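Step one of this worksheet: look at the structure below.
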Amino acid sequence: MPPHIYILLHKPYGVLSQFTEESGKASLRSCGPFPPGVYPVGRLDADSEGLLLLTDDNRVKHRLTEPAFAHPRTYLVQVERVPGDVALASLRSGVVIDGKRTRPAAVRLLDREPALHARPVPIRHRKNVPTAWLELTLTEGRNRQVRRMTAAVGHPTLRLVRRAIGGLSLKSLQPGESRRLTPAEVRTLLRSVGL
């Protein structure tokens, strides 16, 4: 049996996390070509950007997406206004979404804007409303969870970039670029998911 394929992709803004186009939106196919049989592990909304892992290894997909395994995913999040201690504490302890509390999250208010590429569609700018950047690490992946959590504490998300999945990170990948994991990265990934 040939070895499994593991690819890191920097999903651009406006691209769906699937290989079929829908509602006139571009799909992952626009970032390829990719080998047959690889699929994204998890999802990022079309209006979110950042790291996606593509693989044909169903065991890894299961371990990374099943909530019981609590695998960390780290995001850079631009929000409206500067969150205070109460909002940050709420994000850290978990907020209620659809009647269920989210798991505790690691949250850090960044003291400056992270070095990111320009987005093709500008962020909504309101002259009298400041913005702030958070680094947020989750161990579960509910639908639009980051956006719903920040909205629940009164700080809507303006830009969302997934920076890392466990020990894998964007590093120097530019939007639309992809690369295969090195053998050392594959070993680290498999160890991190208990395989």
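What the table shows:
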{"item": "Summed side-chain charge close to ARG142 - residues other than ARG142 whose Cβ falls under 14 Å, Lys, Arg +1, Asp, Glu -1", "result": "+4"}
{"item": "Relative contact order (percent, whole number), the chain, Cα cutoff 8 Å, 6+ residue spacing", "result": "30"}
{"item": "Accessible area of the chain divided out per residue, in Å², using a probe of 1.4 angstrom", "result": "53"}
{"item": "Gain upon complete extension [ILE123, ARG187; 0.36 nm per residue less C-alpha separation]", "result": "19.2 nm"}
{"item": "Tensor-based shape of the range 151-195 (alpha-carbon gyration tensor, a/c under 1.5 rounded, otherwise prolate or oblate)", "result": "oblate"}
{"item": "Derived scalar couplings ³J(HN,Hα) [the range 89-106; Karplus, 6.51 cos²θ - 1.76 cosθ + 1.60; whole Hz; x for Gly, Pro]", "result": "5, 5, 4, 5, 8, x, 10, 8, 10, 6, x, 10, 6, 6, 5, x, 10, 8"}
{"item": "Whether the range 35-81 is rounded, prolate or oblate, judged on the alpha carbon gyration tensor where a/c under 1.5 counts as rounded", "result": "oblate"}
{"item": "Shape of the range 91-195, Cα gyration tensor, a/c cut at 1.5", "result": "oblate"}
{"item": "Extended-chain gain in nm, criterion 0.36 nm per residue less alpha-carbon gap, ALA89 and GLU113", "result": "6.5 nm"}
{"item": "Stretch gain in nm, segment THR65-ARG180, where the contour uses 0.36 nm per residue and the Cα spacing is subtracted", "result": "39.4 nm"}
{"item": "Accessible surface of the chain, 1.4 Å probe, proportion on carbon and sulfur as whole %", "result": "53"}
{"item": "Whole-number percent relative contact order across the range 97-157, with pairs defined as alpha carbons under 8 Å at least 6 apart", "result": "43"}
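The values are calculated or read from the model by the stated rules, or taken from the named source; none is laboratory data. It should be emphasised that the depicted structure is a prediction, and the values quoted were computed from it without experimental measurement. A quick note on method: Cβ atoms are made from the backbone with ideal geometry, for glycine too, and the neighbour counts reach across all protein chains shown. When the accessible area is computed, the model is the full protein with side chains, heavy atoms only, and any ligands, DNA or RNA have been set aside. Shrake-Rupley method; radii C 1.70, N 1.55, O 1.52, S 1.80 Å.
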